[in-house]
1. Among the numbered conditions (1) out of contact with any Ser or Thr (no Cβ under 9 Å at 6 or more places or on another chain); (2) more than 25 Å from LYS130 (Cα to Cα); (3) surrounded by 13 or more Cβ atoms within 10 Å (Cβ to Cβ), tell me where PRO59 comes up short.
2. Restricting to region 35-62, give me the number of residues that are farther than 19 Å from GLN95 by Cα and in contact with a strand residue (DSSP E or B) (Cβ under 6 Å, 6 or more places away or on another chain).
3. From the residues in region 120-141 that are of a type in the set (Gly, Ala, Ser) and surrounded by fewer than 18 Cβ atoms within 10 Å (Cβ to Cβ), which one is nearest to VAL94 (Cα to Cα)?
4. Could you check region 102-119 and list, in sequence order, the residues that are open to solvent by 30 Å² or more (accessible area, probe 1.4 Å) and free of Cβ contacts under 8 Å to residues at least 60 places away in the same chain?
5. At least 2 residues that are within 11 Å of the chain's Cα centre (by Cα) and in contact (Cβ under 8 Å) with a residue 12 or more places away in the chain in each: list the strands (runs of 3 or more DSSP E) lying fully within region 46-88 that qualify.
Amino acid sequence: MTDQQTGTTNPLEELVGEWLTQPEFAVRLGTDPKAVRSALRDQRIIGIKRGTPKVLCIPAEFLVPAHMANPADVKEDDGSGKLIILPSLRGTVVQLSDMQMSEEEILTWIFTQEESLGMRPIDALRSGNKSAVRRAAQQLF
């Protein structure tokens with residue numbers, strides 16, 4: 001997305017890819033916006049305000065198929081298409097937040113290639129490498 005006033009592109013927009021508004025996130029999750037607000041408050045997910053007018057948006061990659069809730073013990077896909085919030089995300093968000101990082105800084109780090117991981121932290125979390133992600137995060141400060 002291009003900033004209307006400066007004409008520049010926000011790198012976070014390109015890093016994240018697909019963004020969902022709270023209502024869209026709720027629909028994909030199969031719940032209501034109130035539950036999404038609760039997840040935001042509990043730091044199970046994070047988002048930033050974007051667009052014109054500014055609307056809180058959440059990365060779509062924070063959702064995973066329910067059968068992949070535990071990447072170390074992937075269940076057989078039951079074909080339901082049910083999505084859940086990536087369980088390992090919360091601990092990483094809390095860790096980075098405790099390091100005084102803003103939501104935008106956290107999102108930028110999670111969606112940027114991390115040399116020590118050999119991939120983006122979001123991809124490492126989705127593949128079950130939460131300990132490696134948290135060690136990499138600890139090395140930031």
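The values are calculated or read from the model by the stated rules, or taken from the named source; none is laboratory data. Computed from a predicted model, the values in this text were never measured in an experiment. Note that each Cβ is placed from the backbone with ideal geometry, even for glycine, and that neighbours are counted across all protein chains shown. Side chains are part of the model used for accessible areas, which takes the heavy atoms of the whole protein and leaves out ligands, DNA and RNA. Shrake-Rupley method; radii C 1.70, N 1.55, O 1.52, S 1.80 Å.
1. Every listed condition holds for PRO59 apart from (2).
2. Looking only at that region, the number is 6.
3. If we take residues in region 120-141 being of a type in the set (Gly, Ala, Ser) and surrounded by fewer than 18 Cβ atoms within 10 Å (Cβ to Cβ), then SER131 is nearest to VAL94 (Cα to Cα).
4. SER102, GLU103, GLU105, GLN113, GLU114, GLU115, SER116, LEU117, GLY118, MET119
5. 55-59, 63-65
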